[in-house]
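Some notes on the structure that comes next.
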Ligand SMILES: NC(=O)c1ccc[n+]([C@@H]2O[C@H](COP(=O)([O-])OP(=O)(O)OC[C@H]3O[C@@H](n4cnc5c(N)ncnc54)[C@H](O)[C@@H]3O)[C@@H](O)[C@H]2O)c1
Ligand SMILES: [Zn+2]
């Protein structure tokens, strides 16, 4: 088993990474000195596969769990579904010492975490991420929330989990496209923080795609370590945490302007990262050969590296970037790479350079 510590003073916690650790859910929760009543929130894809194991493990640990199943997919991340969850918790008489287990991908984690942050002004929360994206990214760091019609993640809180269990076996049932989308965030960690992780991904990508147990465990653990280090230094994103947004300014704009549904998040940020390394070559001294290595690795992971835009789509993309949360006073600020493993944030990018980077995606 691999253990990664997230250092946040009184809110510190561990991430456990191991095949089959879902079976230890009850034992791990028992160490947290929580009340016996709890809820497992999951979705309609994950529940039928893993809820039985989770509930049995909790019961064996002396707990009294109720199962709450929400619809699968991004549209479930809504206040309406949050309210359904509150009702289920009230019905099961959850109390201040009760806790909530999020069993699923980032949608379940963000929503269940938000429910936990707000129900009875906050109850404890345990993450069991079942997508690669959730294991390396969304389950770590305490950002929880839901979407509004006006946009994604507009309502939320910071609420750190008490423990995170990454059961690598759950990734075996994840659709291949979802797995590859998660790889886009894995590659991002190499680019922003760890050149040797990046080199390892170049070497071990085929093993990773085959879900080789050792490679997967080491890579997931390294990504969690990086996120833990970043979040440990800047829990509420006043500075360093912004580096995690590498590739995301353009990525989010691609999601918003080309439309959800066409691209998964990881696919959109793949395109965003290719554009961001090109901007970095022009503006922050990033090596052109390394920019090509980033593009080539993303392509080998079978993720999109280009985008042809009509004039209308292009205008929408620019408008979407202006609306991004990272824009203040109309200036778009970017995370740019200086070399592999090292980025700088808060970089102003002239519109002409951005235009050229977008053009290069179409060629
Ligand atoms: N809180 C954060 O810091 C943070 C960071 C990044 C992303 N996010 C959020 O995460 C969400 C995306 O998460 P995601 O990519 O995990 O999507 P997701 O939760 O929608 O999961 C993707 C799909 O895979 C299914 N699934 C999940 N685990 C499975 C398994 N083991 N086997 C079979 N099917 C499985 C789900 O039901 C869903 O259909 C977005 O809402 C995003 O905003 C949050
Ligand atoms: Zn992301």
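Tell me whether segment 189-197 contains one or more residues that are free of Cβ contacts under 8 Å to residues at least 40 places away in the same chain and out of contact with any helix residue (DSSP H, G or I) (no Cβ under 7 Å at 6 or more places or on another chain). Looking through segment 189-197, none of the residues is free of Cβ contacts under 8 Å to residues at least 40 places away in the same chain and out of contact with any helix residue (DSSP H, G or I) (no Cβ under 7 Å at 6 or more places or on another chain). Within segment 245-261, track down each residue that is within 14 Å of ligand 1 (Cβ to nearest atom), out of contact with any helix residue (DSSP H, G or I) (no Cβ under 6 Å at 6 or more places or on another chain) and either part of a helix (DSSP H, G or I) or over 30 Å from residue 313 (Cβ atoms) (or both). Across segment 245-261, the qualifying residues are 245, 252.
Considering only segment 204-225, I want to know if a residue exists there that is touching a residue at least 60 places away in the same chain (Cβ under 8 Å) and closer than 15 Å to residue 296 by Cα. For segment 204-225, residues touching a residue at least 60 places away in the same chain (Cβ under 8 Å) and closer than 15 Å to residue 296 by Cα: present.
Inspect all residues belonging to segment 199-207 and state whether any of them is in a helix (DSSP H, G or I), within 16 Å of ligand 1 (Cβ to nearest atom) and touching a helix residue (DSSP H, G or I) at 6+ places or on another chain (Cβ under 8 Å). Within segment 199-207 (the criterion being in a helix (DSSP H, G or I), within 16 Å of ligand 1 (Cβ to nearest atom) and touching a helix residue (DSSP H, G or I) at 6+ places or on another chain (Cβ under 8 Å)), the answer is no, since none of the residues qualifies.
Could you pull out the residue among 231, 215, 219 that is within 22 Å of residue 18 (Cβ to Cβ), at pLDDT below 95 and surrounded by 19 or more Cβ atoms within 10 Å (Cβ to Cβ)? Even if it seems obvious, please write down each step before you answer.
Numbers: 215 fails: at pLDDT below 95; 219 fails: at pLDDT below 95.
That would be 231, the only listed residue that is within 22 Å of residue 18 (Cβ to Cβ), at pLDDT below 95 and surrounded by 19 or more Cβ atoms within 10 Å (Cβ to Cβ).
Taking the numbered list (1) touching a strand residue (DSSP E or B) at 6+ places or on another chain (Cβ under 9 Å); (2) closer than 15 Å to residue 334 by Cα in turn, residue 274 passes all entries but (1).
Among the residues of segment 91-100, is any part of a helix (DSSP H, G or I) and either within 16 Å of ligand 2 (Cβ to nearest atom) or modelled with pLDDT under 95 (or both)? No, the conditions are met nowhere in segment 91-100. Exactly one residue among 334, 286 is touching a strand residue (DSSP E or B) at 6+ places or on another chain (Cβ under 6 Å), closer than 30 Å to residue 206 by Cα and touching a residue at least 40 places away in the same chain (Cβ under 8 Å), and that residue is 286.
Conditions tested, residue by residue: (1) under 16 Å from the mean Cα position of the chain (by Cα); (2) within 16 Å of ligand 2 (Cβ to nearest atom).
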| residue | (1), (2) |
| --- | --- |
| 120 | no, no |
| 130 | yes, no |
| 134 | yes, yes |
| 143 | yes, yes |
| 161 | yes, no |
| 165 | yes, no |
| 171 | yes, no |
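Within the bounds of segment 53-72, is there any residue that is surrounded by fewer than 21 Cβ atoms within 10 Å (Cβ to Cβ), modelled with pLDDT of 95 or more and under 19 Å from residue 179 (Cβ atoms)? Checked segment 53-72: at least one residue is surrounded by fewer than 21 Cβ atoms within 10 Å (Cβ to Cβ), modelled with pLDDT of 95 or more and under 19 Å from residue 179 (Cβ atoms).
Note on segment 129-157: residues that are in contact (Cβ under 8 Å) with a residue 60 or more places away in the chain and more than 10 Å from ligand 1 (Cβ to nearest atom) total 3.
Go through segment 228-244 and give me each residue that's in contact with a strand residue (DSSP E or B) (Cβ under 8 Å, 6 or more places away or on another chain) and within 11 Å of ligand 1 (Cβ to nearest atom).
Step one: list which residues in segment 228-244 are in contact with a strand residue (DSSP E or B) (Cβ under 8 Å, 6 or more places away or on another chain), which gives 228, 231-232, 235-236, 239-240, 242-243.
Passing the criteria: only 231.
The values are calculated or read from the model by the stated rules, or taken from the named source; none is laboratory data. Computed from a prediction, not measured in an experiment: that's the story for all the values here. Ideal geometry is used to build each Cβ from the backbone, glycine not excepted, and the neighbour counts take in all protein chains shown.
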